[in-house]
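The values are calculated or read from the model by the stated rules, or taken from the named source; none is laboratory data. Everything quoted here is computed from the prediction, not taken from an experiment. Glycine also receives a Cβ, built like all others from the backbone with ideal geometry; neighbour counts cover every protein chain displayed.
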Amino acid sequence: MLVDRVLANDRAALYIELADEYLRQLGYTEHGLRHVKIVAGSAYHILKKLAFDDRYAELAAMAGLLHDVGNMLGRQEHQRMGAILAKEILEEMDYPLGDIGTVMMAIMTHDESEGIIPSPVSAALLISDKSDVHRSRVRSKSDIKGDIHDRVNYAVAESDLSVDPAGRTINLNLVIDTRISQVIEYFEIFLSRMKGCREAARTLDAEFRLFINDTRMA
């Protein structure tokens, strides 16, 4: 698969590592190999389940692997820097220009604040990235009381992103330990991301649904 070639590329592996280390020093949750592999797999799964072309699915996975490399150059505008760095990596690997452009656009628009979702690849990446919330992303349990992002992520004991092809729904099921964080805190920091997921799902002619502790929230 295309993603195997990307992971085997020394430049890509280094940029992913450096980006995660930069965010670690800023106190952010994990954005390393664990995160990008999950995002890549979920993006691929979404498009395959919804019967999009195999090429789209593989490009979505590739974008998932590279979507956060821009963080090595700073958190602000990381999606723009990431698109440029991904271009550098993929050109080195001799990918077709059209594929490179598709991946660049997806990385550029994976932040919901951009307000546009130009392709199925972009939509799948956005949903997959914003759905990766789980306690395994928290680097230190000692910070959870004072940092709402760490607290909310650590409260999520189970996270499952699934696709129902027949109903054309994309379902995020979370189990949140409310002794650690109340559900309202999840929406305090993730409301705009969930709205972005709903818009992205519409691009795929699907519906995004969020369930928390077996209750549908959106």
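Can you give me the number of residues within the stretch 136-147 that are in a helix (DSSP H, G or I) and touching a helix residue (DSSP H, G or I) at 6+ places or on another chain (Cβ under 6 Å)?
2
Which residue out of LEU18, LEU50 is surrounded by fewer than 23 Cβ atoms within 10 Å (Cβ to Cβ), hydrophobic (A, V, I, L, M, F, W, C), out of contact with any Lys or Arg (no Cβ under 8 Å at 6 or more places or on another chain) and in contact (Cβ under 8 Å) with a residue 24 or more places away in the chain?
Only one candidate qualifies: LEU18.
Within the stretch 19-47, track down each residue that is of a type in the set (Lys, Arg) and within 17 Å of the chain's Cα centre (by Cα).
ARG34, LYS37
Please go through the stretch 207-218 and give me each residue that is in a strand (DSSP E or B) and either out of contact with any Phe, Trp or Tyr (no Cβ under 8 Å at 6 or more places or on another chain) or of a type in the set (Asp, Glu) (or both), ordered by number.
Listed by number, the residues that qualify are GLU207, PHE208, ARG209, LEU210, PHE211, THR215, ARG216.
Scan the stretch 187-218 residue by residue and report those that are within 15 Å of ILE176 (Cβ to Cβ) and among the small types (Gly, Ala, Ser).
Scanning the stretch 187-218 gives a single hit, ALA218.
Could you look through the stretch 159-206, keep only residues that are among the polar types (S, T, N, Q) and in a helix (DSSP H, G or I), and pick out the one that is farthest from VAL121 (Cα to Cα)?
SER192
Taking the residues in the stretch 131-153 that are crowded, with 19+ Cβ neighbours inside 10 Å and among the polar types (S, T, N, Q) as candidates, determine which candidate is nearest to VAL39 (Cα to Cα).
Among residues in the stretch 131-153 that are crowded, with 19+ Cβ neighbours inside 10 Å and among the polar types (S, T, N, Q), the one nearest to VAL39 (Cα to Cα) is SER131.
Could you tell me which of the residues ILE176, ILE184 is modelled with pLDDT of 95 or more, surrounded by 18 or more Cβ atoms within 10 Å (Cβ to Cβ) and β-branched (Val, Ile, Thr)?
Residue meeting the stated conditions: ILE176.
Quickly run through the stretch 55-78 and pick out the residues that are of a type outside the set (A, V, I, L, M), surrounded by fewer than 20 Cβ atoms within 10 Å (Cβ to Cβ) and either more than 12 Å from VAL121 (Cβ to Cβ) or under 13 Å from the mean Cα position of the chain (by Cα) (or both).
GLY74, ARG75, GLN76, GLU77 - these are the residues of the stretch 55-78 that are of a type outside the set (A, V, I, L, M), surrounded by fewer than 20 Cβ atoms within 10 Å (Cβ to Cβ) and either more than 12 Å from VAL121 (Cβ to Cβ) or under 13 Å from the mean Cα position of the chain (by Cα) (or both).
Enumerate the pairs (first residue in the stretch 22-46 and farther than 14 Å from SER140 by Cα; second residue anywhere and among the polar types (S, T, N, Q) and modelled with pLDDT of 95 or more) with beta-carbon separation below 6 Å, excluding pairs fewer than 6 apart on the same chain, so at least 6 apart or on different chains.
TYR22/ASN71; VAL39/SER128; SER42/SER128; ALA43/SER128
For the stretch 77-135, which helices (runs of 4 or more DSSP H) that fit wholly inside it have 3 or more residues that are more than 21 Å from ASN9 (Cα to Cα)?
120-130
Looking only at the stretch 1-41, how many residues end up being assigned to a helix (DSSP H, G or I), closer than 27 Å to ILE144 by Cα and charged (D, E, K, R)?
Residues in the stretch 1-41 being assigned to a helix (DSSP H, G or I), closer than 27 Å to ILE144 by Cα and charged (D, E, K, R): 6 in total.
Within the group LEU59, LEU47, which residue is out of contact with any Ser or Thr (no Cβ under 8 Å at 6 or more places or on another chain) and either modelled with pLDDT under 95 or among the hydrophobic types (A, V, I, L, M, F, W, C) (or both)?
Of LEU59, LEU47, the one residue that is out of contact with any Ser or Thr (no Cβ under 8 Å at 6 or more places or on another chain) and either modelled with pLDDT under 95 or among the hydrophobic types (A, V, I, L, M, F, W, C) (or both) is LEU47.
If you check every pair at least six apart or on different chains, which have Cβ atoms under 7 Å apart with a residue in the stretch 76-104 that is among the hydroxyl-bearing types (Ser, Thr, Tyr) first and a residue that is crowded, with 20+ Cβ neighbours inside 10 Å and in a helix (DSSP H, G or I) second?
Close Cβ pairs satisfying both conditions: THR102/LEU59; THR102/VAL121.
Exactly one condition in (1) crowded, with 21+ Cβ neighbours inside 10 Å; (2) modelled with pLDDT of 95 or more is false for LEU97; which is it?
Here LEU97 clears every test but (1).
How many of the residues in the stretch 189-206 are touching a residue at least 24 places away in the same chain (Cβ under 8 Å) and either more than 20 Å from THR29 (Cβ to Cβ) or more than 19 Å from the chain's Cα centre (by Cα) (or both)?
Total meeting the criteria: 8.
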